[in-house]
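**Q** Sharing a structure below in structure tokens format, with a few things to ask.
The values are calculated or read from the model by the stated rules, or taken from the named source; none is laboratory data. Treat the numbers as computed from the prediction; the structure is a model and nothing was measured. Here the Cβ positions follow ideal geometry from the backbone for every residue, glycine too, while neighbour counts run over all protein chains shown. Heads up: the accessible areas ignore ligands, DNA and RNA and are worked out on the full protein's heavy atoms, side chains in. Shrake-Rupley method; radii C 1.70, N 1.55, O 1.52, S 1.80 Å.
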Amino acid sequence: MANPLYDTLFGAHAGKSDTFLHLPDGKTLSYKDFLGQAAQIAHAITALGVKPGDRVAVQVEKSPEALALYAACVQAGLIFLPLNTAYTADELEYFVENSEAALLVCDPAKEEKLAPIAKRLGARLETLGDDGKGSIIEMAAGHGDTFETAERTEDDLAAFLYTSGTTGRSKGAMLSQGNLLSNARTLKEHWRFTSDDVLLHALPIFHTHGLFVATNITLLAGGAMIFLPKFDLDVMIDKLPQATAMMGVPTFYTRLLGDERFTGDLVSHFRLFVSGSAPLLAETHTQFEARTGHRILERYGMTETNMNTSNPYDGERRAGTVGFPLPGVELKVTDPDTGKELAQGEVGQIEVRGPNVFQGYWRMPEKTKAELRDDGFFITGDLGKIDDDGYVHIVGRNKDLIISGGYNIYPKEIELLLDEQPGVMESAVIGVPHPDFGETVVGVLIPEKDASPDVDAIMEAAKESLARFKHPRKLVIEDELPRNTMGKVQKNILRDRYNDLFTEA
Ligand code: MLC
Ligand code: AMP
């Protein structure tokens, strides 16, 4: 095959007039038209001089054209680098610089702010808006709707996804064509996706869940997606009757359950509900079954590995567990200190190996070595155990990470900013339970001697440089941070102290 990922996910549908996307306004887009537009965009990008292996950084709102841009990058052999639309210009600058992107595609509204950054970093800047218009589309319109697919192998890189690091610096996870393909194949089989499926797609397409799980599986199966720009409860209630499957983060499920229009009748025809990216409370699982008769299928994955485990399609979907390792994936629980495998039932760090596991962090050999063992096992940073029946349980994290509404937030990045603020001597950022987002961010500030930090001004400073979802929802001032005898901040004590901040009635 000339280009395994393109040929399998996209090329296989060439010329098909079947519907690929159902759009919010009721219009549809066929596979044929979608692929034609992708080919035109591939021409436009390569005409700019962007070559196979170059990185294309993309920060655009979700639209059919944004998805066509992904297809175009795969077809032209470019490395697709999607970025959260909430990232500020400061955050974006780092990603473009670190990845040495040849092209940055942004929303027209951000062009003015990003132009000097792109110029300084030697990246071309083009635009694409949520209405599907922009300079990249204007350029594409002048080109033909077929494109000679660039030659690639399964070992070639297809995407970079940036994940934040414990030191505060984001790392570019390099994913090969083979990584993405193997997972799409496994999941399509495991979850029984076919061309009859219509997936209700309300996730963002800049992360693994919405792009490589939801979209790639649908493409592989030749199914259709109801493609919504974001999660909107009214629209979800309206569209659920037309779908056969949905994938979501736990917040999707708690929000649906919080609405009395969400009834069993509305989804009696449904085939599958999948949850992941953050822990699904057993209580949500139970409530969902009581309301609809469906048992949510929970699975566990990561940016670096795609999906690792899944509850069974046919067997018992056990609440509070993430199921079994997927076919082809090896999973073990090890002692965090020695790396030795632990006995079944014991809690330790989860390590995984398989064709799904990424190729390493871009230009960060030490970080890659620290997390990806020579024998191919990746140290996930999640703590878990395997029960007597073989179900994997995630019981905590060995990494200082907050997951809010399915977005990962690394406290260090926020602490670095808080520590710099006037009157602040040091800070600790923790995650506390939140009824909608699962967890949310709280910042604990320790003032310099005789200083009283201006909390409002600090919130303003956070706005300037950090994406909205990372902003502390509360800043509290304390005299000192609790530390153990080694001097390490005991965040568990702080978490206990502020545990009920958002959940108390
Ligand atoms: C939005 N906001 C968030 C937030 N999402 N704040 C914290 N955490 C989040 N996740 C901000 C908004 O900017 C807004 O700011 C305020 O919170 C309220 O927003 P909202 O309208 O209630 O939120 P909404 O836009 O509806 O988004 C919530 C959400 C969304 C849960 C639907 O965040 C979402 O789609 N999350 C999915 C993330 C995802 O796909 N993760 C997969 C990662 S891949 P203001 O200014 O109005 O106060 C991965 C691997 C794997 O983890 O295993 O899958
Ligand atoms: P990300 O780096 O955004 O890909 O997030 C990956 C992290 O999300 C994992 O390391 C887990 O901590 C968490 N995660 C994903 N799926 C689940 C799940 N089903 N249950 C608990 N945590 C999960």
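**Q** Output yes when any residue across the range 217-232 is in a helix (DSSP H, G or I) and within 16 Å of ligand 1 (Cβ to nearest atom), and no when none is.
**A** yes
**Q** For residues that are within 13 Å of ligand 2 (Cβ to nearest atom) and in contact with a helix residue (DSSP H, G or I) (Cβ under 6 Å, 6 or more places away or on another chain), tally how many sit in the range 251-274.
**A** Within the range 251-274, residues that are within 13 Å of ligand 2 (Cβ to nearest atom) and in contact with a helix residue (DSSP H, G or I) (Cβ under 6 Å, 6 or more places away or on another chain) number 1.
**Q** Do the conditions hold for Asn408, that is, is it touching a strand residue (DSSP E or B) at 6+ places or on another chain (Cβ under 7 Å) and under 29 Å from Lys113 (Cα atoms)?
**A** Working: touching a strand residue (DSSP E or B) at 6+ places or on another chain (Cβ under 7 Å): yes; under 29 Å from Lys113 (Cα atoms): yes.
Here the answer is yes, as Asn408 does meet what is asked.
**Q** Taking the range 173-193 as the region of interest, how many residues are more than 12 Å from ligand 2 (Cβ to nearest atom) and within 21 Å of Ala71 (Cβ to Cβ)?
**A** 14
**Q** Mind checking which pairs have a first residue in the range 400-429 that is under 26 Å from Leu281 (Cβ atoms) and within 16 Å of ligand 1 (Cβ to nearest atom) and a second that is β-branched (Val, Ile, Thr) and open to solvent by 50 Å² or more (accessible area, probe 1.4 Å), Cβ under 9 Å, 6 or more apart or different chains?
**A** Leu401/Thr166; Tyr410/Thr166; Tyr410/Thr167; Pro411/Thr166
**Q** Being more than 21 Å from Asn408 (Cα to Cα) and small (Gly, Ala, Ser) is the filter here; which residues of the range 202-236 pass it?
**A** Matches in the range 202-236: Ala221, Gly222, Gly223, Ala224.
**Q** Would a scan of the range 484-496 turn up a residue that is within 16 Å of ligand 1 (Cβ to nearest atom) and either under 19 Å from Ile409 (Cα atoms) or crowded, with 17+ Cβ neighbours inside 10 Å (or both)?
**A** Kept after step one, since they are within 16 Å of ligand 1 (Cβ to nearest atom), are these residues of the range 484-496: none.
Looking through the range 484-496, none of the residues is within 16 Å of ligand 1 (Cβ to nearest atom) and either under 19 Å from Ile409 (Cα atoms) or crowded, with 17+ Cβ neighbours inside 10 Å (or both).
**Q** If the requirement is being assigned to a loop (DSSP other than H, G, I, E, B), modelled with pLDDT of 95 or more and β-branched (Val, Ile, Thr), which of these qualifies: Val357, Val395?
**A** Working: Val395 fails: assigned to a loop (DSSP other than H, G, I, E, B).
Result: Val357 is the single residue among Val357, Val395 that is assigned to a loop (DSSP other than H, G, I, E, B), modelled with pLDDT of 95 or more and β-branched (Val, Ile, Thr).
**Q** Residues of the range 375-387 being touching a helix residue (DSSP H, G or I) at 6+ places or on another chain (Cβ under 6 Å) and either open to solvent by 40 Å² or more (accessible area, probe 1.4 Å) or modelled with pLDDT under 95 (or both), which ones?
**A** none
**Q** Conditions first: (1) open to solvent by 60 Å² or more (accessible area, probe 1.4 Å); (2) under 18 Å from Arg468 (Cα atoms); (3) more than 16 Å from ligand 2 (Cβ to nearest atom). Val442 passes all but one, so which condition is the exception?
**A** (1)
**Q** Tally up the residues in the range 258-313 that are farther than 30 Å from Gly381 by Cα and either in contact (Cβ under 8 Å) with a residue 60 or more places away in the chain or within 14 Å of ligand 1 (Cβ to nearest atom) (or both), please.
**A** Total satisfying the criteria: 3.
**Q** Given the conditions (1) open to solvent by less than 10 Å² (accessible area, probe 1.4 Å); (2) in contact with a helix residue (DSSP H, G or I) (Cβ under 6 Å, 6 or more places away or on another chain), report the number of the one that Ala278 does not fulfil.
**A** Result: Ala278 fails condition (1) only.
**Q** What are the pairs, 6+ residues apart or on separate chains, where a residue within the range 459-485 that is touching a residue at least 24 places away in the same chain (Cβ under 8 Å) has its Cβ under 7 Å from a residue that is away from ligand 2 (no atom under 16 Å from the Cβ) and of a type in the set (Lys, Arg)?
**A** Partner pairs satisfying both residue conditions: His471/Lys463.
**Q** Ok, one more. Quick check on my filter: what residues within the range 221-237 are within 21 Å of the chain's Cα centre (by Cα) and without any contact (Cβ under 8 Å) to a residue 24 or more places away in the chain?
**A** Scanning the range 221-237 gives no hits.
**Q** Can you name every residue in the range 173-208 that is among the polar types (S, T, N, Q) and surrounded by fewer than 20 Cβ atoms within 10 Å (Cβ to Cβ)?
**A** Within the range 173-208, Thr194, Ser195 meet the criteria.
Condition check ((1) away from ligand 2 (no atom under 15 Å from the Cβ); (2) of a type in the set (S, T, N, Q); (3) open to solvent by less than 20 Å² (accessible area, probe 1.4 Å); (4) farther than 27 Å from Ile430 by Cβ) across all residues:
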| position | (1), (2), (3), (4) |
| --- | --- |
| Asn306 | no, yes, yes, yes |
| Glu316 | yes, no, no, yes |
| Gly328 | yes, no, no, yes |
| Leu331 | no, no, no, yes |
| Ile350 | no, no, yes, no |
| Lys369 | yes, no, no, yes |
| Arg373 | yes, no, no, yes |
| Asp389 | yes, no, no, yes |
| Val395 | no, no, no, no |
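**Q** In the set Thr163, Thr127, Thr149, Thr88, which member is over 27 Å from Leu466 (Cα atoms) and of a type in the set (S, T, N, Q)?
**A** Going through Thr163, Thr127, Thr149, Thr88 in turn, just one is over 27 Å from Leu466 (Cα atoms) and of a type in the set (S, T, N, Q): Thr149.
**Q** Somewhere in the range 370-380, is a residue aliphatic (A, V, I, L, M) and assigned to a loop (DSSP other than H, G, I, E, B)?
**A** The answer is no, given that none of the residues of the range 370-380 is aliphatic (A, V, I, L, M) and assigned to a loop (DSSP other than H, G, I, E, B).
**Q** Quick test of your reading of the structure: Pro435 fulfils all but one of (1) modelled with pLDDT of 95 or more; (2) open to solvent by less than 10 Å² (accessible area, probe 1.4 Å). Name the failing condition by number.
**A** That leaves (2) as the condition not met.
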